[in-house]
Structure formats: structure tokens, C-alpha cells
Amino acid sequence: EAGVAQSPRYKIIEKRQSVAFWCNPISGHATLYWYQQILGQGPKLLIQFQNNGVVDDSQLPKDRFSAERLKGVDSTLKIQPAKLEDSAVYLCASSFPGPQETQYFGPGTRLLVL
Amino acid sequence: AQSVTQPDIHITVSEGASLELRCNYSYGATPYLFWYVQSPGQGLQLLLKYFSGDTLVQGIKGFEAEFKRSQSSFNLRKPSVHWSDAAEYFCAVGARGSTLTFGKGTMLLVSP
């Protein structure tokens with residue numbers, strides 16, 4: 001079974017530029033999550049989707065971050081414009097809703113904003 | 001609000017020695033608990049999980065963890081550490097259909 005796929009793996013941009021990350025979850029997983037992991041910290045949830053609907057985006061900085069999952073499968077996270085403090089690893093995870101729901105993570109996208 | 005505390009930022013263990021990584025959580029209901037491992041430049045890999053039932057859970061790579069409700073703890077253990085276990089370990093708490101809250105992680109260093 002294929003795992004969670006993410007691209008690109010690395011990205012370097014200058015501040016005020018825009019960037020987009022892509023995630024393809026495990027087949028059949030209805031729930032998709034985007035996390036931000038700043039160096040030295042644990043992952044922090046940005047947004048949670050159930051199929052193509054947003055469940056929780058309370059910690060998403062909506063003035064610069066946006067995310068979509070139009071067809072309920074893959075998802076895109078965008079930052080526009082980027083700030084220096086956005087340098088982090090962006091992790092995508094997916095899960096199958098159920099009584100023992102478990103999140104499985106992709107390899108992450110490492111973003112450096114200069 | 002839920003929270004996770006991993007009191008040790010770094011731990012150094014000799015190869016072949018036993019390991020225990022501490023995790024304390026705060027959660028209003030019965031928690032789901034997880035341990036993930038992250039090697040340099042990689043994503044998070046699930047080591048083990050607890051939902052209910054037997055409080056001692058077995059995971060991959062010879063790891064186990066014990067849920068102690070009275071102490072709000074879910075410590076990770078391994079009887080004999082291998083050099084390949086060097087990585088960062090994250091404890092997380094959540095519930096069905098909810099997001100996970102992670103600790104800040106413990107970096108494990110293995111000395112020869």
C-alpha cells in the first residue's frame with residue numbers, strides 16, 4: 001500500500017514570494033491534515049479536511065495561508081506572501097475515520113524562506 | 001485544552017542499554033495516545049498507539065509503552081537500544097475524529 005505522498009521535498013524562496021505544496025493521501029483515507037513543524041518543536045495542526053470539507057482551520061493564518069481539497073483526494077497548501085517565520089517542515093497526514101483512527105504521515109516538505 | 005509534555009529534550013544512551021522516554025499528557029476525556037519517530041530529513045513514522053484495553057502496548061522495532069491513567073503518562077521503553085534508533089521521538093494525544101496534539105519531542109542519541 002502506497003503511503004502519503006508529498007511534493008516538493010525541499011523548497012527555497014525569498015520572503016514575499018508565494019509557494020505551494022501538494023499532498024496525496026493514502027487511498028481511501030477520507031481525512032487529510034496539514035501540519036507545520038518548526039525546528040525544535042512538535043508538529044502543529046494547520047488545517048483538517050474530511051473529504052472536501054474543512055473540519056478545523058482555527059490555527060491556519062488565513063491572511064497568508066490557504067488550502068484546498070477540491071475533489072476530496074489530493075490537497076494543496078499555499079503560502080502567499082511568505083515570511084521568514086514560515087520556514088518549517090510542512091507535513092501532510094491522512095487517516096481513515098473509525099474507532100481506532102490513526103494518522104499516517106508523509107515525508108514532509110522542507111521550506112526555507114530567505 | 002489538551003497538552004503533552006516531554007520533559008527530556010535530549011537523552012544519550014549507550015548502545016545495548018535500556019531506554020525510557022517520558023511523556024505526560026493533559027486531556028479531559030479518555031485519550032488516544034501515540035508515539036511517532038522522526039529520523040533526520042524524514043516524516044513521522046508510527047511506533048505504537050493506545051486506544052483502550054491492555055495498558056501495555058507493543059510497537060514496531062521492539063518498542064513498547066505503558067499507559068498509566070493515575071500518572072497521566074505514556075512512557076516509551078526499549079530493553080536494548082541499537083544505533084539505528086537514534087532519532088527524534090514524539091508523543092501525541094488525541095481522540096476519535098479529532099486532531100493530534102504533539103509534545104516538543106525528545107532527541108535520542110546513541111553512543112557506541
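By per-residue mean of other Cβ atoms within 10 Å, what is the highest-first order of B:85-92, A:107-114, B:55-62, A:66-73? All intermediate terms of the calculation are to be shown ahead of the outcome.
On the way: B:85-92: 22.6, A:107-114: 18.4, B:55-62: 13.4, A:66-73: 15.1.
Listed from highest to lowest mean packing, they are B:85-92, A:107-114, A:66-73, B:55-62.
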| query | Tell me which aspartates and glutamates have Cα within less than 13 Å of B:Lys61's Cα, excluding those fewer than 8 residues away on the same chain? | reply | B:Asp85
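Averaging over every viewing direction, what projected area does the convex hull of the Cα atoms of the protein assembly as shown cover, in nm²? Could you put the intermediate results ahead of the total?
Values: hull surface 50.1 nm².
Hull-based average projected area comes out at 12.5 nm².
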| field | Efficiency of FRET from Cβ geometry, A:Leu39 and B:Ile11, R₀ 22 Å, rounded to 0.05 | value | 0.70
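Sorted by mean Cβ packing within 10 Å, highest first, what order do the peptides A:89-96, B:47-54 take? Intermediate results must be reported in sequence, preceding the final value.
Numbers: A:89-96: 23.0, B:47-54: 15.6.
Ranked from most to least packed, the peptides come out as A:89-96, B:47-54.
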| Based only on the alpha carbon positions, what is the Kirkwood hydrodynamic radius of the range A:5-113, in angstrom? | 13.8
| message | Which aspartates and glutamates, if any, have their Cα less than 19 Å from the Cα of A:Lys62, not counting same-chain residues under 8 positions apart? | response | A:Glu85, A:Asp86
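Suppose every Lys and Arg Cβ carries +1 and every Asp and Glu Cβ carries -1, with no other charges. What dipole size does the range B:2-112 come out with about its Cα centre, to the nearest 20 debye? Intermediate values should be presented prior to the final figure.
On the way: 9 positive and 8 negative charges, 63 e Å.
About 300 debye.
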| message | For the range B:1-80, report the % of Cα-Cα distances exceeding 19 Å. | response | 39
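Apply 1/(1 + (r/R0)^6) to the Cβ-Cβ distance of B:Trp83 and A:Lys15, taking R0 = 35 Å, and write down the FRET efficiency to the nearest 0.05.
Numbers: r = 40 Å, r/R0 = 1.13.
My answer for the efficiency is 0.35.
Given a Förster distance of 30 angstrom, what is the FRET efficiency for B:Arg69 paired with B:Ser39, based on the Cβ-Cβ distance and rounded to 0.05? Could you put the intermediate results ahead of the total?
Values: r = 31 Å, r/R0 = 1.04.
It comes to 0.45.
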| message | Quick check for me: using +1 on Lys/Arg Cβ and -1 on Asp/Glu Cβ, what's the dipole size of chain A about its Cα centre, in debye to the nearest 20? | response | 400
| note | Magnitude of the Cβ-charge dipole (Lys and Arg +1, Asp and Glu -1) of the protein assembly as shown about the Cα centre, nearest 20 debye, reported as 420
| With the dipole of the protein assembly as shown worked out from charges on the C-beta (+1 for Lys and Arg, -1 for Asp and Glu) around the Cα centre, which of A:Ser7, A:Pro81, A:Leu46 lies farthest toward the positive end? | A:Pro81
| request: Excluding residues on the same chain fewer than 8 positions from B:Lys68, give the lysines whose Cα lies under 28 Å from its Cα. | output: A:Lys44, B:Lys49, B:Lys78, B:Lys104
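Read the figures in this text as sums done on the coordinates, not as results from a lab. Quantities reported herein were computed from a predicted structural model and do not represent experimental measurements. Methodologically, a virtual Cβ is constructed for each residue, glycine included, from the backbone with ideal geometry; neighbour enumeration extends over all protein chains shown.
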